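First comes the structure, then the notes that go with it.
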Amino acid sequence: MASRAGIRLTHGRSPLLAASASSSRPPPVLCLRRSKPKPYRRHLPVPLWRPLAPRSSPGPSSSSYSTGISSPVASMSSSSYEKELAAAKKAASLAARLCQTVQKALLESDIQSKADKSPVTVADYGSQAIVSLVLKMELPSEKFSLVAEEDSADLQKDESQETLKRITDLVNDTFSSEGTYSISVSVEDVLVAIDSGKSEGGPHGRHWVLDPIDGTKGFLRGDQYAIALALLDEGRVMLGVLACPNLPFTSIANLDGHSSENQTGCLFSAQTGCGAYMQLLNEPSAAKISVCTTENPADASFFESYEAAHSLHDLSGAIAKKLGVQAPPVRIDSQAKYGALARGDGAIYLRFPHKGYREKIWDHAAGSIVVTEAGGIATDAAGNNLDFSKGSTRGHQRTNPIFCIPSVVLSNGTPPILCQISASLFLFTFYRNK
């Protein structure tokens, strides 16, 4: 139990309780709207963030406020990452196609359990192999570094050879059905592709970051999941793609993550300074998206992790009540929440993991830039930018965290909501230090 004597308020800065230097825990993360804060009345809390540098490109247009989606556009602004973004979108879309095939006919033999008891499917492995292979084919002249969730250790065991063959067949069938790549991969090729994700990352050079299936439990239930792919350059997230095969193309607000809408399957993409976009999976045209402009918490749609094991629902509920949120939470798996919030489906997302749980770099890299480029900001609770540059160290096992944060808060960032979230975070402080 942490000593309350190790907690202090910093006068004139953000009104949060920060752990003392003796604490090994990093501060919580906030993903909030990047906009110039309006003047605050004296009796309101001080803003929870430090103002960031202005954008180099225009923010979301006012025409997208009602739906969060503006008119379709033919292409995004040109940048030095245009080729990489196109490759990332192609890789994530193909991985999504493989995952859809597996989900439609999921067999018990397609599910294994990792050392941490979390499930892993043939789709996780197949998705990682597809992304690795596509990025290498699309960007052959670039040095390849991938930080990803899976490795092939379990697949190389004698009892896993049938599973490995099934993964190889799925990868080949996916390439064959897509038609762009005339290749046939072997079992050995698949193992090498999966293990390409063992990069240590770090603050220098370019590193791809991948969660081949974010929300595996949602995938197994037939609900929401995402293929999350981002590119780091010198430690900064420069682009991100979220492929969400089961996410309706229209708003999921107040629908518990489900919709009767016939069009499902969304591809979110963003690159630094160029905005965030959404399109149907396997469709070429994209629309620029932006966060909603809700200011009254009573009118806000509130996102929450579907699995109670992933987040403290009672704490999230207490904060939502304090904020005055009236609608029941919309519970949804994976970084699909980031895409939904970025297009204006909701205003608030709170995630407070149970004590001892550690987030990974791939849990937030792609989603954070989608939210940021849709009009949000991403900071920790001290107002610092999220640091994805730490990488992993060879002195730690792969199961150890690459990126550790004790909480995530997403918001559309309008000042009234932001102020009240700031005050409500005192609840989290007390929970964390019990």
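Solvent-accessible area of residue 139, probe 1.4 Å, all protein chains present, reported in Å² to the nearest ten, please.
So the heavy atoms of residue 139 present about 10 Å² to solvent.
Taking the Cα centre as origin and putting +1 on Lys and Arg beta-carbons and -1 on Asp and Glu beta-carbons, what dipole magnitude results for region 82-289, to the nearest 20 debye?
On the way: 18 positive and 30 negative charges, 102 e Å.
It works out to roughly 500 debye.
Hey, if you put +1 on the Cβ of every Lys and Arg and -1 on every Asp and Glu Cβ in region 82-289, which of 220, 273, 98 ends up farthest toward the positive end of that dipole?
273
Of 198/390; 288/390; 165/217; 89/143; 217/337, which ones are farther than 25 Å apart at the Cα? Please list the in-between numbers first.
On the way: 198/390 15 Å; 288/390 31 Å; 165/217 23 Å; 89/143 19 Å; 217/337 15 Å.
Pairs exceeding the cut-off: 288/390.
Hey, could you pull the Cα Rg and Dmax for region 82-182, both in Å?
When restricted to the Cα atoms of region 82-182, Rg and Dmax are 14.0, 43 Å.
As an exercise, use a Förster radius of 25 Å and the Cβ-Cβ distance of residue 104 and residue 233 to find the FRET efficiency, rounded to the nearest 0.05. Mind showing how you got there, number by number?
Values: r = 37 Å, r/R0 = 1.47.
About 0.10, to the nearest 0.05.
So what is the relative contact order of region 123-280, in percent, for Cα pairs below 8 Å that sit 6 or more residues apart? Before the final figure, lay out the partial values.
Values: 265 pairs, mean separation 30.1, N = 158.
Relative contact order comes out at 19 percent.
Suppose each label sits 7 Å from its Cα in the direction of the beta carbon; what would the residue 165-residue 111 distance come out to in nanometres?
Rounded to a tenth, the inter-label distance reads 2.4 nm.
Taking each pair of different alpha-carbon atoms in region 258-304 once, compute 1/r for the pair, average those values, and report the inverse of that mean as the Kirkwood hydrodynamic radius in Å to one decimal.
13.1 Å
Mind pulling the per residue volume of the convex hull built on the Cα atoms of region 174-272? Å³ is fine. Present the calculation step by step, with values, prior to reporting the outcome.
On the way: hull volume 16.0 nm³, N = 99.
Each residue corresponds to 162 Å³ of Cα convex hull volume.
What figure in square angstrom, to the nearest 10, would you give for the accessible area of residue 360 with a 1.4 Å probe?
It works out to around 40 Å².
Limiting things to C-alpha atoms, what are the Rg and the maximum Cα-Cα separation (Dmax) for region 82-289, in angstroms?
16.5, 49
Carbon and sulfur: what percent of region 82-289's accessible surface (1.4 Å probe)? Intermediate values should be presented prior to the final figure.
Working: 3920 of 8220 Å².
Ligands and nucleic acids excluded, carbon and sulfur give 48 percent.
Rank-order 178-185, 289-296, 266-273 by packing density, defined as the average count of other C-beta atoms within 10 Å over each peptide's residues, highest first. Provide the component values of the computation, followed by the final result.
Numbers: 178-185: 12.2, 289-296: 22.2, 266-273: 25.1.
Averaged packing, sorted descending, gives the order 266-273, 289-296, 178-185.
Ordering 288, 337, 83 by accessible area with a probe of 1.4 Å, largest first, what comes out?
On the way: 288 55, 337 5, 83 115 Å².
The ranking, largest first, comes out as 83, 288, 337.
Beta carbons within 10 angstrom, averaged per residue: use that to sort the peptides 91-97, 321-327, 187-193, highest first.
Numbers: 91-97: 26.0, 321-327: 15.7, 187-193: 18.0.
The densest-packed peptide leads the list: 91-97, 187-193, 321-327.
The values are calculated or read from the model by the stated rules, or taken from the named source; none is laboratory data. As the structure is a prediction and not an experimental result, all values here were calculated from the model. Methodologically, a virtual Cβ is constructed for each residue, glycine included, from the backbone with ideal geometry; neighbour enumeration extends over all protein chains shown. Surface areas here come from the heavy atoms of the whole protein model, side chains and all, with no ligands, DNA or RNA. Shrake-Rupley method; radii C 1.70, N 1.55, O 1.52, S 1.80 Å.
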